[in-house]
Amino acid sequence: MDFGALNALRAGVDTRAVLVEGTSDRVALETLAERRGSDLAAEGISIVVMGGAQSVGRFLNRYGPKGLDLRLAGLLDAGEERELARGLERSGFGSGLTRADMEELGFYVCTADLEDELIRALGADAVVEIVEAKGDLRRFRTLQKQASWRGRPIEEQLRRFMGSGGSRKIRYARFLVEALDLGRVPRPLDLVLSRALA
């Protein structure tokens, strides 16, 4: 849980919150906002890390109409879409929600996850160049040689690499967003930030 964001929200500093699953999502959104010249704190926006989508209902109750009644948005992985829909329904946002309904409410789902979205937007070759520039190419090549990953599509190997190794996912969230062409920002990332800033 992001206690800094929680304390700011409790103090009434922020009027809007973006709910995300993990720290890498927060870092990606903050980096994209910086690149677009937006100061989220000055705009009254907190990005709240839930520590996993299983907590979405609790966070919706706390910050939604039944709680602080903030203007909400959210970014989750495809595997958590049902959990998001259930949480929104239980929190009074509607029932029988489709993905389009959730987007109307400001909640966006990554095709697989954030890393998948960023790797596809940049292209695998560009991501490998970033991995090399950050001094991690040897580690990535080691993963590619492992029996369970040998022969798999490079995009899958890159996603696995980003998700392993401690804070690597968080570090690469910034690196990949910094490398994005701002005309090719992944749709969920683009829309959730635009919604928060609107």
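The values are calculated or read from the model by the stated rules, or taken from the named source; none is laboratory data. Everything numeric in this text was worked out from a predicted model, so none of it was measured. Neighbour counts run over all protein chains shown; Cβ positions are idealised from the backbone, glycine included. Please note that ligands, DNA and RNA were not included when accessible areas were found on the heavy atoms of the full protein model with its side chains. Shrake-Rupley method; radii C 1.70, N 1.55, O 1.52, S 1.80 Å.
What's the FRET efficiency of THR15 with ALA100 using the Cβ-Cβ distance as r and R₀ = 30 Å, to the nearest 0.05?
Efficiency at R0 = 30 Å is approximately 0.70.
Which whole-number percent gives the relative contact order of the stretch 27-162, counting Cα pairs below 8 Å spaced six or more residues apart?
Once normalised by length, the contact order is 17 percent.
With a 1.4 Å probe and every protein chain left in place, work out the accessible area per residue of the chain in Å², rounded to a whole number.
Averaged over the residues of the chain, the accessible area is 47 Å².
Run down the lysines and flag those whose C-alpha is under 28 Å from the C-alpha of LYS134, throwing out any fewer than 8 positions away in its chain.
By straight Cα distance, LYS134 reaches LYS145, LYS169.
Using a 1.4 angstrom probe on heavy atoms only, work out the carbon and sulfur share of the accessible area of the stretch 77-198 in %.
The C+S portion of the solvent-accessible surface of the stretch 77-198 is 45 percent.
Using the alpha-carbon centroid of each, what span in Å lies between the stretch 78-93 and the stretch 113-129?
27 Å
Using a 1.4 angstrom probe and counting only protein chains, how large is the accessible area of MET102 in Å², to 10?
0 Å²
How large is the dipole of the chain about the Cα centre if only Lys and Arg carry +1 and Asp and Glu carry -1, each at its Cβ, rounded to the nearest 20 debye?
Dipole about the Cα centre, nearest 20: 600 debye.
Loop-only trypsin sites (Lys or Arg not before Pro) in the stretch 105-149, please: DSSP not H, G, I, E or B, and at most 14 other Cβ atoms within 10 Å.
LYS134
Could you give each residue of the stretch 57-66 its phi-based ³J(HN,Hα) in whole Hz, using Karplus coefficients 6.51, -1.76, 1.60 with θ = phi - 60°, and x for Gly or Pro?
Along the stretch 57-66, the couplings run x, 4, 5, 5, 5, 5, 9, x, x, 7 Hz.
Would you calculate a helix-derived [θ] at 222 nm for the chain, using -39,500 (n - 2.57) for each DSSP H run of n ≥ 4 and dividing by the full residue count, to the nearest 500?
After summing the helix terms and dividing by residue count, I get -15500 deg cm²/dmol.
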